Each structure stands twice: as structure tokens, then as C-alpha cells.
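These notes are about the structure you will find just below.
Quick note: the coordinates plus some simple rules give every number you see, no bench work behind them. Everything numeric here is computed off the predicted structure, so don't read it as measured data. A quick note on method: Cβ atoms are made from the backbone with ideal geometry, for glycine too, and the neighbour counts reach across all protein chains shown.
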């Protein structure tokens, strides 16, 4: 397959996988309800908790969303292309005995496309658009982005998770932790002197953009602390 066609296929494949609305499927199966009519209206794991009242189903949804980010990125970096002697490096580059430097950069870009595709798929789910007959934002991309980062560069994933959880623990605002995690991504990439820091910056801004409205609301006092129950806080 031509490189440009491969790149398009990787992005679209990751987008379609990222679009799978596991939260919607879980809530419909468990309660018969539509998760997008509860809580924030998003198809995220926390909204599964708000709708079902179950931390167990929250964990299931979180792992499902993480895997739909992890799988496309891992596939883009590894055996999907049947390359002998491949080896994963923590900065997201694929190196092997038969690969040139140019090939390594090419496969690194494929991994970036897979990260972007899966996150955008979750945030703007095609399947939900077809169901609702309306295309719009459906999620914030945290769990999916976390899974994608774990496959792309575990160091970035670790930094994002640690900072996000620490900020939530200190402030008791989940929104504050989520925004801190998004902004940590490019900072961590710069600290690690990763050559793909511009990509990390773009992805951090994409995730922040999904949180911007409610983050501003939090600064104005409109966001409840530890927003885990339905009808407890704002939508969006």
C-alpha cells in the first residue's frame, strides 16, 4: 500500500475504533437508558457512573475506552505491517534491523495518526452521530487518550496520570485534574526532550478544548467538587 494510503487507513481505522461508544452500549445494556441524556451528556466512563450509580461499570467503561485508544496505536507501531525484527522504543518510534531512519520516522507518524484518530473518534463519535442524526462533540478523550499514550509512550502516560490524580486529590475537582492532565502532556514531552513535542502540544490542546467550557465554569464556581452523581452538575 502507498504510504499516503496507509496513513489515511491508519487514521480512519483509529477514528472508527475510537468512535465506538462503549459508555452508550454499557448503559443501554444495563439500564435500558441513553447515557447522553444523563450527567454531562458525554459517552465517557464517569458518565456511566453518573447514570448507573456503579463504580464497577465505571471501571469497565474506562478500560474499554482505554483499549480503543491503545489497540490502534499498538497496531500502527507493530506487527500490523509484518516487519521483521521490530522493537518498540518509549518515544513512540519503531526501530528494527531492516528499517532505515526514514522508515522509523514514517512509522512514528503513523503512531501519531493513530493517537489523533482514536481521540477524535471518541470526542466526535460517528456511531453516535448516525444514531442521533447529529454530528457534535460526544466526549473528552481522557481514557481513550490515556490508552493511546500508554501504547505510544508510557512515560507520557505516566506523567499525565500522576499529575491528573494528584491535582484531583488536592483540589477535589475532577475538572481541575482533567485539565492539568491535558496540559501536562506537552510539558512532559518537552521535559523528556521528545522530538514529537509539537504533536503532544496539539493533542493536549485538543483535550483541553473539550474541557474549556466547564473549566471556565469551574473557575466561576459552577462546577461541583467530585462530580460523580447525575444532576449534580452542568452538562458539556
Spin-label point model (7 Å from Cα, Cβ direction): what's the residue 8 to residue 169 distance in nm?
4.8
How high is the relative contact order of the chain, in percent, counting Cα pairs under 8 Å that sit 6 or more residues apart?
22
Just one of (1) 8, 37, 39, 15, 0; (2) 8, 32, 35, 18, 6, 1; (3) 7, 29, 33, 20, 9, 1, 0 is P(r) over Cα pairs in 10 Å bins from 0, in percent as worked out from the coordinates here. Which one is it?
(2)
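Once the Cα gyration tensor of the stretch 151-236 is diagonalised, what are the square roots of 5 times its eigenvalues, in whole Å and ordered largest first, as equivalent ellipsoid semi-axes?
Values: eigenvalues 136, 35, 19 Å².
Square roots of five times the eigenvalues give 26, 13, 10 Å.
Can you tell me which of 175-185, 219-229 comes out highest on packing, and rank the rest after it, using the mean Cβ neighbours within 10 Å? Don't skip to the answer; put the middle values down first.
On the way: 175-185: 22.5, 219-229: 13.3.
Sorting 175-185, 219-229 by mean packing, highest first, produces 175-185, 219-229.
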Largest fluctuation, 148, 114, 64 only, Gaussian network model of the chain with Cα springs under 10 angstrom, belongs to 64
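Summing -39500 (n - 2.57) over the DSSP H runs of n ≥ 4 in the chain and dividing by its residue number, what mean residue ellipticity at 222 nm do you reach, to the nearest 500 deg cm²/dmol?
On the way: 10 runs with 157 residues, N = 236.
So the helix-based figure for the chain works out to -22000 deg cm²/dmol.
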Take peptides 124-132, 196-204 and line them up by average Cβ neighbours within 10 Å, highest first, as a rough protection proxy.
196-204, 124-132
